[in-house]
Amino acid sequence: MAVVLAVRLAVAEPWDSDAFVVKAANITVTVMPSSRLEVQEQLDVLFQQPRRGIYREIPFDFDTGKGVTRRTRISNIQVTDASGRNLTTKVTTEGAYVRIRIGDADITLPPGTQVTYVIRYTVDNAVNWFDDTAGWGAAAEIYWNATGDRWDAWFQSVRINVNYPTVEDGQARARLFVGPSGASNFDEITKFGTGIVGASHGTVMTMGSTSTQFLLSKPMPPGSGATFVLQLPEALVQKPSTAQQAAWFLSANLGFGIPFVVFAVFFLVWRKHGKDPPSPTVSVRFESPSGMTASECGALLDNSLDPRDLAAGMLSLAVAGFITITPVKAGLFGGTKAEIRFTGGGDASKLGSFETELLELMKKGGDVVTEADLTTHVGTQISSLRDKMFKSLIAKGLYTQSPMQAQGCSCFGGLALIALLAFGGVAIFGTGADPLGWIVGGALSVPIAGVFSFLMSRRTREGARVRSEVAGLEEAIRGRKHYMEWVATKEIASAKFEEFLPYAMAFGLVEQWSDTFKEVLTTAPAWYLGSYDTFSPRYFANDLSHLGQTMGSAAYTPPRTSSSGGSSGFSGGGGFSGGGFGGGGGGSW
């Protein structure tokens with residue numbers, strides 16, 4: 001008895017204890033002129049343990065190594081037995097694989113059962129094109145993992161037949177890689193004929209004008225596979241159109257489409273809720289809109305409170321008689337700084353709510369207000385001043401909500417939309433071979449959301465009309481030619497210069513406005529206590545522009561605070577077994 005057991009062990013095959021073995025695999029890949037591949041896999045399976053059938057897994061998403069995914073399109077799946085009778089199948093998509101389960105859940109096949117499974121399917125987007133490969137000219141390349149290397153069964157023999165449009169001798173070449181994924185040893189054939197033998201797997205290769213065959217006569221263990229690369233003249237295989245390639249690319253890299261979706265959504269929302277209503281054509285006008293202060297005009301123009309608007313507010317206080325401004329030299333190289341003093345009087349009827357709030361904050365600096373005082377007492381209250389400004393504009397019917405609120409809500413909604421598209425897309429479609437598309441698509445969408453959010457500060461119809469009037473005033477102050485038209489019909493005096501000087505400051509046009517009045521402006525305004533040997537409107541404008549910038553910046557910038565914390569194939573380098581398209585594997589169930 002012991003002798004019999006020893007003999008049996010001596011002649012036992014390595015697959016005898018496996019659930020099943022593939023006695024023979026006959027795989028046919030037909031390269032159509034349209035570049036579609038038609039694949040037939042005939043697997044003769046011997047079950048050695050009770051099983052219901054087998055399953056086949058075929059990948060369709062492939063990492064290109066360039067940060068994007070290449071997706072093949074697998075369709076027209078059919079499964080029959082050797083006689084052509086349809087077999088019970090269940091086709092599902094699991095991650096980046098099509099899974100074909102073959103067999104009936106109510107039928108268990110006993111050990112010793114041999115079944116032939118014939119699996120047919122078509123594949124698109126599985127051909128590569130190269131302009132020139134090592135002197136072979138423009139070529140179409142089919143790089144196909146014919147058996148797959150994820151099987152948990154032995155293959156006793158493998159035959160691969162590749163059909164293609166007619167070629168002449170020397171126009172085609174083929175390689176075969178056999179082994180586990182990554183194996184780079186290959187056998188190659190470049191001429192018509194038979195007898196190219198690879199000793200390691202007993203590979204016989206035969207090439208003809210319309211087909212190439214590969215025969216593996218030695219058994220192939222689990223975890224190994226057979227991959228072929230076939231190169232044909234480019235003219236024999238039709239290259240997909242640019243539109244078709246783009247569609248395939250986007251289908252495999254849906255994340256790159258996020259910016260287009262975000263742009264479309266934001267554009268529609270902006271058209272309906274963010275864009276200003278139509279407004280009258282801008283016409284030059286030498287008067288401010290009724291009830292609008294200089295700071296309000298500046299904020300209405302660009303939907304924001306900026307340093308120029310603060311400087312305009314201070315000039316309004318000066319023109320109304322509340323303060324005087326004295327330029328003070330700050331050392332040899334320190335430039336000129338502003339010193340502000342309160343007069344103890346002033347005309348409150350000329351102030352808006354913003355200027356009144358600004359005046360109260362400045363008074364906290366004492367009788368003499370320096371730029372440091374502006375930084376301390378005004379810079380810390382910018383949010384309050386901004387709220388006061390836009391509450392005033394809302395009360396005038398120029399906005400329904402402040403631009404900051406509109407922009408904040410829009411930005412938050414945009415980021416939520418991007419997150420929904422990115423994470424929802426991954427959850428629904430999976431990351432494929434590379435999640436970079438979702439990451440890059442989401443990242444590129446953020447600036448789109450930011451730009452549109454900035455544009456979402458919709459004015460009311462009245463706000464659009466008044467803004468048009470403000471723009472007309474800005475245009476009038478900008479050019480001397482407008483002054484010439486004005487002076488021809490109206491009396492001009494230095495009082496008009498002071499009246500519109502805060503507006504010029506808000507528009508950044510102090511120098512232009514001073515140049516307009518150079519014939520009649522002979523002294524600085526009474527509230528400006530600068531010393532001039534000979535008064536020059538140009539020098540005055542330069543000084544005032546500089547002081548306006550420094551005062552506005554000082555008032556706009558909160559004081560620095562201390563903080564702490566820590567930082568806490570043929571082309572390129574060749575091919576290999578398991579490379580290319582196709583592949584996957586299978587098992588029993």
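The values are calculated or read from the model by the stated rules, or taken from the named source; none is laboratory data. Computed from a predicted model, the values in this text were never measured in an experiment. A quick note on method: Cβ atoms are made from the backbone with ideal geometry, for glycine too, and the neighbour counts reach across all protein chains shown. Heavy atoms of the whole protein, side chains included, go into the accessibility calculation; ligands, DNA and RNA do not. Shrake-Rupley method; radii C 1.70, N 1.55, O 1.52, S 1.80 Å.
Whole number in Å², please: accessible area per residue of segment 114-210, 1.4 Å probe, ligands, DNA and RNA not counted. Can you show the working numbers first?
Values: 3840 Å² over 97 residues.
Ligands and nucleic acids excluded, the result is 40 Å² per residue.
Could you tell me what percent of the accessible area of segment 302-427 is made up of carbon and sulfur, with a 1.4 Å probe and every protein chain present?
58
Could you name the aspartates and glutamates in cross-link range of Lys329, using Cα to Cα under 19 Å and dropping any fewer than eight places away on the same chain?
Within the straight-line cut-off, Lys329 pairs with Glu339, Glu371, Asp373, Asp533, Asp543.
For the residue pair Arg99 and Ala243, what label-to-label distance in nm results when each label sits 7 Å from Cα along the Cα-to-beta-carbon direction?
Here the modelled spin labels are 3.7 nm apart.
Which lysines have a Cα lying under 30 Å from the Cα of Lys391, excluding residues fewer than 8 positions away in the same chain?
Counting by Cα, and skipping residues close in sequence, Lys391 has these lysines nearby: Lys272, Lys275, Lys350, Lys363, Lys364, Lys496.
Output the peptides 344-354, 400-410 sorted from most to least packed, where packing is the average of other Cβ atoms within 10 Å over each peptide's residues.
Working: 344-354: 14.4, 400-410: 17.1.
Going by the mean number of other Cβ atoms within 10 Å, highest first, we get 400-410, 344-354.
Report the net charge of residues surrounding Cys409, where surrounding means a beta-carbon distance below 15 angstrom and charges are Lys +1, Arg +1, Asp -1, Glu -1.
Summing Lys and Arg as +1 and Asp and Glu as -1 gives +2.
What does the net charge come to around Thr88 if you take all other residues with beta carbon closer than 13 Å to its beta carbon, with K and R at +1 and D and E at -1?
Around Thr88, the charge tally is +1.
Figure the gain on full extension for Asp367 and Lys90 (residue separation times 0.36 nm, minus the Cα-Cα span) and round it to one decimal in nm. Don't jump to the answer; show the numbers that get you there.
Working: separation 277, 0.36 × 277 = 99.72 nm, distance 8.70 nm.
Contour length minus Cα-Cα distance gives 91.0 nm.
Estimate the FRET efficiency between Ser349 and Cys409 by the formula 1/(1 + (r/R0)^6), using the beta-carbon distance for r and 30 Å for R0, to the nearest 0.05.
After rounding, the FRET efficiency stands at 0.25.
What does the accessible area per residue of segment 220-314 come to in Å², with a 1.4 Å probe and no ligands, DNA or RNA counted?
About 44 Å² of surface per residue is accessible.
Over the Cα atoms of segment 195-322, what Rg and Dmax result, in angstrom?
In Å, with Rg to one decimal and Dmax whole: 36.4, 106.
Residues of segment 12-45 with backbone nitrogen within less than 13 Å of a virtual label 7 Å along the Cα-to-Cβ line of Asn163, please, listed as ranges.
Flagged as within label range: 27-33, 37-41.
Keeping every protein chain present and rolling a 1.4 Å probe, give me the accessible area per residue for segment 323-423 in Å².
Accessible area per residue, segment 323-423: 51 Å².
Report, ordered by chain and residue number, the aspartates and glutamates lying within cross-link reach of Lys23, taken as a straight Cα distance under 12 Å and ignoring same-chain residues fewer than 8 apart.
Asp44
Using a probe of 1.4 angstrom, how much of the accessible area of segment 117-266 is carbon and sulfur, in percent?
The nonpolar share, carbon plus sulfur, comes to 55 percent.
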